[in-house]
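Written below as structure tokens is the structure these notes are about.
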Amino acid sequence: MAHVIIVGSAEINYRIKRSKRKTIALFVDPEEGVIVRAPERLTDRQIRKIVKEKSNWIIKKQEELKKIKNVNVKEFINGEKLPFLGQLYELEVIETVDTRGVLIALKDGKFQIKVFSNMKSYDRREEIKRKLIEWYKKEARTKYSERVEFYRKKLGVSYNKISIRDQKTRWGSCSNKGNLNFNWRLIMAPPSILDYIVVHELAHFIHANHGRDFWKLVENIIPDYREKREWLKINGYKLMNII
């Protein structure tokens, strides 16, 4: 059920999702809108009051998302830039008859993209996009595997396998079978952000929930984890929409 409040000239629509959680949390999701995750004991009236108190923050977040949505779609041409491990690299597109498709390489501080010269413009853009995602996923698997191995020793845990996925709302997840799932798009973020997600998921092998002991364990490994979490709140949607 949708709820709405009017704040000045702004209208805030929100949905409530109740559970056995102990605290209330507000999220401004690019797809779902404003979501309020609340304890079952809170009434609609109490939640409405909290939403109103947080209205300035909600409106600010909504405006930030609008700006991001208006960013031009990448055309994958010379001069455009893409991130990798927190650094921006310029695209260098090279037309060639030596290859029938697209080849991607990070070389001399640039994303070097070799493209078959006779490829049609639409096919060319889509193929470059596909190959870039393929390249990012390969790099993500290598980096995640390396960092999981490093941190699992620190935490004294083991895992079954790692999967690289294109999740829309999660950076990582784990299963009770010991499987780890990670979002490939995080390979575009600074390495310390990727480390935080790795530690977060590995810590769930010790503490299944997000209770005090869980966060204490994460903090022991990543002392500034709150900063990493805030970075993702601010920049996460950008990573989801770069490609």
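Things to note:
- Counting only protein heavy atoms and a probe of 1.4 Å, the accessible surface of the chain is 46% carbon and sulfur.
- Over the chain: helical MRE at 222 nm, DSSP H runs n ≥ 4 each giving -39500 (n - 2.57), nearest 500: -13500 deg cm²/dmol
- Net charge of the neighbourhood of Y159, taken over other residues with C-beta under 15 Å away and scored Lys/Arg +1, Asp/Glu -1, is +4.
- Cα gyration tensor shape of region 1-52, rounded if a/c is under 1.5, else prolate or oblate by comparing a/b with b/c: oblate
- Across q = 0.29, 0.30 Å⁻¹, region 73-132 modelled as identical point scatterers on its alpha-carbon atoms has Debye log10 I(q)/I(0) values of -1.34, -1.40, in the order of the q list.
- Whole-Hz couplings from phi, Karplus 6.51/-1.76/1.60, listed for region 88-93; x for Gly and Pro: 8, 10, 6, 7, 10, 8
- Summarising the strand pairing of the chain, around 60 percent of its internal DSSP beta bridges are antiparallel.
- Area projected by the alpha carbon convex hull of region 11-140, averaged over all directions, nm²: 11.4 nm²
- Anisotropy class of the chain from Cα gyration tensor, a/c 1.5 cut: oblate
- Under 21 Å of direct C-alpha separation, and excluding same-chain neighbours fewer than eight residues apart, K22 reaches these lysines: K49, K52, K54, K216.
- Prolate/oblate/rounded call for region 127-178, Cα gyration tensor, a/c under 1.5 rounded: prolate
- Relative contact order of the chain, pairs being alpha-carbon contacts under 8 Å that are 6 or more residues apart, as %: 13 percent
- Degrees, to the nearest 10: 225-241 long Cα axis against longest axis of the chain: 60 degrees
- Placing pseudo-labels 7 Å out from each Cα toward the beta carbon at E95 and N56 gives an inter-label distance of 5.5 nm.
- In a reduced charge model with +1 at each Lys and Arg Cβ and -1 at each Asp and Glu Cβ, the chain shows a dipole moment near 1000 debye about its Cα centre.
- Legend: residues T142, T99, sorted from most to least accessible area (1.4 Å probe; ligands, DNA and RNA excluded), read T142, T99.
- Reciprocal of mean inverse Cα separation for region 118-207 (Kirkwood radius, Å): 14.0 Å
- Take each peptide in 200-208, 48-56, count the other Cβ atoms within 10 Å of every residue, and average; sorted highest first, the result is 200-208, 48-56.
- Cα convex hull of region 188-233, projected area averaged across orientations, nm²: 3.1 nm²
- Inter-site label distance for L65 and I24 at 7 Å from Cα along Cβ, in nm: 1.9 nm
- With N counted as the residues of region 165-243, its alpha-carbon radius of gyration over 2.2 N^0.38 Å works out to 1.07.
- Projecting label points 7 angstrom from Cα along Cα→Cβ for Y122 and S145 puts them 3.8 nm apart.
- Cross-link table K143/K233; K153/K228; K137/K161, entries beyond 18 Å C-alpha to C-alpha: K143/K233; K153/K228
- Most fluctuating residue given options E90, E139, E63, as computed from a GNM of the chain linking Cα atoms under 10 Å: E63
- Burial order of peptide ranges 18-24, 152-158 (average beta-carbon count within 10 Å, highest first): 152-158, 18-24
The values are calculated or read from the model by the stated rules, or taken from the named source; none is laboratory data. Values in this document were obtained by computation on a predicted structure and should not be read as measured data. Cβ: placed from backbone, ideal geometry, glycine included. Neighbour counts: every protein chain shown. Protein only, heavy atoms only, side chains kept; ligands, DNA and RNA dropped before computing areas. Shrake-Rupley method; radii C 1.70, N 1.55, O 1.52, S 1.80 Å.
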